[in-house]
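S.K.: Quick one: this structure, given as C-alpha cells, is what I'll be asking you about.
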Amino acid sequence: MKWSKSYLYTSKDAPNDAEIPSHKLLIRAGFMKKLAPGIYTYGALGLRAIRKFENIIREELNKISCVEILMPMVQPRELWEETHRWKEMGAGLLKFQNRNENWFCLGATHEEAVTDYVRNDLKSYKDLPRTLYQIQTKYRDEIRPRFGLMRGREFIMKDAYSFDLDQAGALKSYDELYNAYKSIFERLNLNYRIVVADAGNIGGSQTHEFQLLADAGEDALLVSDTTSFAANVEVCPAIDAEEITIDSSVVQLPMEKFSTPGQKTIADLSRFTGMAEKELVKTLFFSANDGSNEKDKNLKPIAVILRGSDELNPIKLKNVLKLTNPPQMLTDDEVKNVTGAWPGSCGPVGLKIPVYMDQGVQNLKNYIVGANEDQFHLKNVNTGRDFNPVGAFDLRMAKEGDRCPENPKGRLKSYRGIEVGHVFYLGKKYSEKMGATFLDAQGKSQFFEMGCYGIGVTRTVQAAIEQSHDADGIIWPESIAPFKFHFCVLDPKDEKLMGFAEDLYKQLNARHLDVFMDDRDERPGVKFKDADLLGMPYRLVLGKKSFDAGELELVDRKTKKQVKIKLTGAFELLAGDLKGLFKD
RNA sequence: CGGCGCGUGGCUCAGCUUGGUAGGGCACUUGCUUGGGGUGCAAGAGGUCGCUGGUUCAAAUCCAGUCGCGCCGACCA
C-alpha cells in the first residue's frame, strides 16, 4: 500500500475524550474514528491489524477442526424468550421492532442462535463432537463505553460453541480450546495470564479468562509468586498471610455497651478505641433478593460481618447466597428499619436476620461491633456466645500479600488485566432450555453438553497497543502489525531513486512481506514522526544521500537501532532473518 | 439511575466573570522558502458559538428549559 493512494490521516492532537495511551494512539494514527459513544469506524490500517489477528485465530481454531460459520446479527425475540434471556439480559440487549412491529434484538452473544442452528442438524451421537465459531460484530448496549475499543458498544468478537455428547467430552473440548487460545496469545508475543474467574450470568461452572496485563485494565488480578496460580480478584480465595489461631489463654470477657459519640467509620472507631482495624468487626447489610426471581419481591435482608480491615467481595457473597446477580446493599433507611440504628452503629448482636460471617472473624475474641443503637458500640463480643451466625464463609476480597492457595509459602501479587479471551464450560444450560437433543448409541434422547469460548478481537488489538507503545507512538507486535515494513522514501521526486524504491516495494510485496510506502511529498521529519506513530516493526529509509552512497537504512521500531544495507542485494537481506541484522 | 463538568470551523482550545455581533494553534488551499526528526513567510477558504425560549436597543456571553457528550459513583458501618 502506498500512502498517496491510501486513506490515512494522522494527527498531532488526541481527542479530548481519549484518556489512555492506546486510545489516543489509535485515533492519532488514524486507525479508527468515533461515530458515536462506543462505536467506531476502523480505518484502512486499523482494519488490517484486525484482519491479521482474525486470521491468527482462524488458523489456530481450524487446526483443531473448529468450523467457521456466520450467524445473523439481528435475532427474533422468540429465540431469546426460550432461554428467558430476553428479560435477563436487561438493557444490555438492544431491542427494536421492525415494520410489522415484531421485536428483534442485536446479537450480544450467540448461544441461542447457535443452539437453534444445531438442534436442526445434529441428530446423532455420530455427529459429535462439533465446535462452531464465527468472527462477527457484536452489539452490547453498555451503560458507559470507555477507552475506545476497550469497552465499546459495537465490537468484533470471535465466539465459538462446542457440542459434546457428555461432560467428559465437553471438558475435553474445553481443554482443546484452552490450548488453542494459548497458541493464539503466544503468537501475539504479549504479556498475558490465564486466570480462574466467575462464571457470571452466562452460566456454567468452569471458566478461565485470558488477561493481557496493563495498568489501564478493568480487572484486578492476583498472581502467585511461586506457582502458576492466577485468579480474577472476584473469585480469588482469601487466605491470611499470617494465620490467626485461637488463643485459648484469652478468656471471654462480659459483653459491655459503651458510648461512641460521632464514631461512624472503622477508621473513627480504630482511633477512638486504639484498636487495630483488623480487630474491629464491621457489619454490612444486603438484600438477598437479586431481582432474578419475579415472585420474590419481599425484602429479604441479611447481614454480613467482616474484620474492619477487610473488604467484602460481592461476587463471593452472591455465590454463597446462590444468587444470579450480586446482592444489593440496603439503603440507610432500610438498615435503620432492620436494626434500629443508622449505619455506623449496627452490629450482629440481637439481629433477627441471618448473619453471614467472613472466616476472618471466626477466631477473633472480645471484639467490638455496633450496638444497633445510635452512638453506641458493644465490646468484648464473642461469636457463638453473643450471636449465632449462619456459618463462616470466605467472603472477603483477597489482596496483595495474601497466601497463594496452591502453596503455603507463596504470596499473591496484584496486577491489572484486560480480559481479551474467556473459555466457559456451559453444561446443558442452553440445550435443556432450548430442547436441543441428539440420539445416543442406545437410541436414547440426550441434551448436548456445551461450552462457549470468546475472544474480543478489537479489544485485543487495542490492548496490544496499551501494552506495547512508547512516547512516539505504537510498537506493533509483528504478528498483527498492519504492515511489516514502513518504507520512507524521502525524495520521491527523484526518478532514479523512486525507480529503485518501486522495484523493492514490488519484490517485497510479491513475497508477502507487507510494505507501507510513504511516497508523499513531505519533509523527512514529518515522515519519521508518522512512521513512529504508526508503529510498523521495521522502517526502511531511502533518501538521496544514502541512495547515492548505495545504501538503505533499516530501523527497528522498538529499539530504534538502525543498520545500513547495501542497495544491491537489499531484497534478499530484507526477505531473510531481520533479527540477525540487529545482533551486536 | 445519582453527583460533577463540558458543548465555540475537521481536531485542540481561548473569549463568557464585567453583553456591543467571534479568535489562536493544528489540519486544509495558493505562492515563495526549506529539504534526514512535525521548516519559515505571506495570502486564503471554512463557524447563524448544541437546540428552544426569555431578558435586552443589542446575547457565544445573563436566565430558564431541553438535547448531546465526558468523568466519577453502589465499601459507610
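S.K.: List, please: which pairs have Cβ atoms under 8 Å, are six or more places apart or on different chains, and start with a residue in the stretch A:362-375 that is of a type in the set (Phe, Trp, Tyr) and end with one that is within 10 Å of RNA strand B (Cβ to nearest atom)?
M.R.: Partner pairs satisfying both residue conditions: A:TYR367/A:LEU280; A:TYR367/A:VAL281.
S.K.: Within the bounds of the stretch A:496-518, is there any residue that is over 18 Å from A:ILE475 (Cα atoms), within 6 Å of RNA strand B (Cβ to nearest atom) and either part of a helix (DSSP H, G or I) or in contact with a strand residue (DSSP E or B) (Cβ under 9 Å, 6 or more places away or on another chain) (or both)?
M.R.: no
S.K.: Step by step: first the residues of the stretch A:480-494, then only those that are of a type outside the set (Phe, Trp, Tyr), within 15 Å of RNA strand B (Cβ to nearest atom) and buried (at least 23 other Cβ atoms within 10 Å of the Cβ), then the one that is nearest to A:ARG48 (Cα to Cα). Which residue is that? Spell out how you get there, then give the answer.
M.R.: So the first thing to find is which residues in the stretch A:480-494 are of a type outside the set (Phe, Trp, Tyr), and the list is A:480-482, A:484, A:486, A:488-494.
Now narrow it down to the ones that are within 15 Å of RNA strand B (Cβ to nearest atom): A:486, A:488-494.
Next, only the ones that are buried (at least 23 other Cβ atoms within 10 Å of the Cβ) stay: A:486, A:488-489.
Details: A:HIS486: 14, A:CYS488: 20, A:VAL489: 22 Å.
Taking the candidates together, the pick is A:HIS486.
S.K.: If a residue has to be assigned to a strand (DSSP E or B) and near RNA strand B (Cβ under 8 Å from one of its atoms) to count, how many in the stretch A:325-376 make the cut? Steps first, answer last, please.
M.R.: Here is the first cut: in the stretch A:325-376, the ones assigned to a strand (DSSP E or B) are A:328-329, A:355-358, A:367-370, A:376.
Filter once more, keeping what is near RNA strand B (Cβ under 8 Å from one of its atoms): A:328-329, A:369-370.
Here the count works out to 4.
S.K.: Can you give me the number of residues within the stretch A:256-283 that are within 11 Å of RNA strand B (Cβ to nearest atom), over 11 Å from A:GLY370 (Cβ atoms) and part of a strand (DSSP E or B)?
M.R.: Qualifying residue count for the region: 0.
S.K.: Here is a check on your reading of the model: is A:GLU553 within 12 Å of RNA strand B (Cβ to nearest atom), more than 14 Å from A:TRP3 (Cα to Cα), surrounded by 12 or more Cβ atoms within 10 Å (Cβ to Cβ) and among the acidic types (Asp, Glu)? It would help to see each step written out before you state the result.
M.R.: Working: within 12 Å of RNA strand B (Cβ to nearest atom): yes; more than 14 Å from A:TRP3 (Cα to Cα): yes; surrounded by 12 or more Cβ atoms within 10 Å (Cβ to Cβ): yes; among the acidic types (Asp, Glu): yes.
Yes; evaluated as a whole, the condition is true for this residue.
S.K.: Within the stretch A:497-531, how many residues turn out to be surrounded by 17 or more Cβ atoms within 10 Å (Cβ to Cβ), in contact with a helix residue (DSSP H, G or I) (Cβ under 9 Å, 6 or more places away or on another chain), more than 18 Å from A:SER546 (Cα to Cα) and among the aliphatic types (A, V, I, L, M)?
M.R.: Here the count works out to 2.
S.K.: Taking the stretch A:525-545 as the region of interest, how many residues are more than 8 Å from RNA strand B (Cβ to nearest atom) and of a type in the set (Gly, Ala, Ser)?
M.R.: 1
S.K.: Is the stretch A:37-45 home to any residue that is within 16 Å of RNA strand B (Cβ to nearest atom), surrounded by 19 or more Cβ atoms within 10 Å (Cβ to Cβ) and in a helix (DSSP H, G or I)? Before you say what the answer is, go through the steps one by one.
M.R.: Applying the first criterion (within 16 Å of RNA strand B (Cβ to nearest atom)) to the stretch A:37-45 yields A:37-41, A:43, A:45.
Add one more test, that the residue is surrounded by 19 or more Cβ atoms within 10 Å (Cβ to Cβ), and what stays is A:38, A:40, A:43, A:45.
Those left that are additionally in a helix (DSSP H, G or I): A:45.
Checked against the condition, which is being within 16 Å of RNA strand B (Cβ to nearest atom), surrounded by 19 or more Cβ atoms within 10 Å (Cβ to Cβ) and in a helix (DSSP H, G or I), the stretch A:37-45 yields at least one hit.
S.K.: A further question follows. Please give the number of the condition A:LEU221 fails out of (1) more than 16 Å from RNA strand B (Cβ to nearest atom); (2) assigned to a loop (DSSP other than H, G, I, E, B).
M.R.: Looking at each condition in turn, A:LEU221 falls short on (2).
S.K.: Moving to a separate point now. Could you grab me the full set of residues in the stretch A:22-36 that are more than 10 Å from RNA strand B (Cβ to nearest atom) and either farther than 23 Å from A:GLN467 by Cβ or crowded, with 22+ Cβ neighbours inside 10 Å (or both)?
M.R.: A:SER22, A:LEU25, A:LEU26, A:PHE31, A:MET32, A:LEU35
S.K.: Follow-up. Confirm whether A:ALA471 is of a type outside the set (Val, Ile, Thr), modelled with pLDDT under 95 and within 16 Å of RNA strand B (Cβ to nearest atom). Write out each step before concluding.
M.R.: Numbers: of a type outside the set (Val, Ile, Thr): yes; modelled with pLDDT under 95: yes; within 16 Å of RNA strand B (Cβ to nearest atom): yes.
Yes: the conditions hold for A:ALA471.
S.K.: Checking the condition in contact with a Leu (Cβ under 9 Å, 6 or more places away or on another chain) and within 16 Å of RNA strand B (Cβ to nearest atom), which residue from A:LEU8, A:LEU61 passes?
M.R.: Numbers: A:LEU61 fails: within 16 Å of RNA strand B (Cβ to nearest atom).
That would be A:LEU8, the only listed residue that is in contact with a Leu (Cβ under 9 Å, 6 or more places away or on another chain) and within 16 Å of RNA strand B (Cβ to nearest atom).
S.K.: Now for a different question. So how many residues does the stretch A:395-436 have that are touching a Ser or Thr at 6+ places or on another chain (Cβ under 7 Å), in a strand (DSSP E or B) and surrounded by 15 or more Cβ atoms within 10 Å (Cβ to Cβ)?
M.R.: 9
S.K.: Taking the stretch A:237-263 as the search range and keeping residues that are more than 30 Å from A:ARG403 (Cα to Cα) and surrounded by 15 or more Cβ atoms within 10 Å (Cβ to Cβ), which one is nearest to the chain's Cα centre (by Cα)? Walk me through how you get there before you give the answer.
M.R.: Start the filter on the stretch A:237-263 by keeping residues that are more than 30 Å from A:ARG403 (Cα to Cα), which leaves A:253-263.
Now restrict to residues that are surrounded by 15 or more Cβ atoms within 10 Å (Cβ to Cβ): A:255, A:260, A:263.
On the way: A:MET255: 47, A:THR260: 44, A:GLN263: 40 Å.
Of everything passing the filter in the stretch A:237-263, A:GLN263 is nearest to the chain's Cα centre (by Cα).
S.K.: Of everything in the stretch A:1-21 that's in a loop (DSSP other than H, G, I, E, B) and touching a residue at least 24 places away in the same chain (Cβ under 8 Å), which residue is surrounded by the fewest Cβ atoms within 10 Å (Cβ to Cβ)? Outline the logic, then answer.
M.R.: Within the stretch A:1-21, the subset in a loop (DSSP other than H, G, I, E, B) is A:1, A:6-20.
Then keep just the ones that are touching a residue at least 24 places away in the same chain (Cβ under 8 Å); that gives A:1, A:6-8, A:10, A:18-20.
On the way: A:MET1: 18, A:SER6: 17, A:TYR7: 10, A:LEU8: 19, A:THR10: 15, A:ALA18: 17, A:GLU19: 13, A:ILE20: 17.
Restricting to residues being in a loop (DSSP other than H, G, I, E, B) and touching a residue at least 24 places away in the same chain (Cβ under 8 Å), the top hit is A:TYR7.
S.K.: Right, here's the next one. Taking the criterion of being near RNA strand B (Cβ under 8 Å from one of its atoms) and at pLDDT 85 or above, would at least one residue in the stretch A:292-302 satisfy it?
M.R.: From the stretch A:292-302, those near RNA strand B (Cβ under 8 Å from one of its atoms) are none; that's our starting set.
Checked against the condition, which is being near RNA strand B (Cβ under 8 Å from one of its atoms) and at pLDDT 85 or above, the stretch A:292-302 yields no hits at all.
The values are calculated or read from the model by the stated rules, or taken from the named source; none is laboratory data. If you're wondering where the values come from, they're calculated on a predicted model, not measured in any experiment. Because the Cβ atoms are built from the backbone with ideal geometry, glycine has one as well, and the counts that use them run over all protein chains shown.
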